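Below: one structure, written as structure tokens.
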Amino acid sequence: MEELTYLGFLTMGLSVGFGHCIGMCHPFVLYVSGRFVGDKRGYANLFIPHIKYNLGRIVTYSFLGLIAGFAGDMMQVVGRLMGIQKGAAIVAGIFLVLYGLLSFIGYNFMNKLEYKLAGGTFVNKLKKLQPKSVFLTGIVLGFLPCGPLYGMIIASASTADAARGFLSMLLFGLGTSVAMMATSVFGNYLMARRGFFNLLTLILMVGMGIFFIWSGIRM
């Protein structure tokens, strides 16, 4: 079951990356390319900044997973592990199912906030600040509001273990980074097919949500 959960986090990262992140985070990928790649030629000059950027995001996601898992572990110390695990798993599952179904019918309750930040507010602030570290940029942007991210953080709390929570979100971050790296090279191609990837993401999201609800009930 634990291995299946880890696979679920990685799979969700991949699907969310191609279905959600390429739309919401595309402006940040373009920013990294413009700010840290510029006119430099060669694959190394293209990929290294984006690798550092995504490593920064992964560090943030992993840290959030560690905190969530640690919080669940602390509940074990006070003798309420089962309730916390069940509650976190079920809440995460319900969140993912609702997010997926509502997005499928065209209503995403976080879209306005996400688009506002990804669409200009945060990018404009980044341009004004002109951060010198692409790695630090990734760390900061890892805290941006994101519906699927919040759902997976709640899910990582159900591990009730800091190390497992860390690993779960590390795998999720790695999955999203595959899409971010691909977007840096095939951005136009992927954006043109975003509808397909987004549909696949919503299907997997609902499936993952059902899995967490089922896991929580069985605990």
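Taking 0.36 nm per residue of separation and subtracting the Cα-Cα distance, full extension of the segment from residue 86 to residue 74 would add 2.8 nm.
Each label was represented as a point 7 Å from its Cα along the Cα-to-Cβ direction; for residue 194 and residue 163 these points are 4.0 nm apart.
Our estimate of slack between residue 98 and residue 48, defined as 0.36 nm per intervening residue step minus the Cα-Cα distance, is 14.3 nm.
A crude spin-label estimate for the pair residue 140 and residue 218, with each label 7 Å from Cα along the Cβ direction, gives 4.4 nm. Classify the stretch 121-207: rounded, prolate or oblate, from the alpha-carbon gyration tensor (a ≥ b ≥ c, eigenvalue square roots; a/c under 1.5 rounded; otherwise prolate if a/b is larger than b/c)? Note, shape of the stretch 121-207 comes out oblate.
Going by neighbour counts of Cβ atoms within 10 Å, the residues 53, 150, 99, 189 line up, fewest first, as 189, 150, 99, 53.
Every number here is computed from the coordinates shown, using simple stated rules; none is lab data. Treat the numbers as computed from the prediction; the structure is a model and nothing was measured. Positions of Cβ are generated from backbone atoms using ideal geometry, with glycine treated the same way; all protein chains shown enter the neighbour counts.
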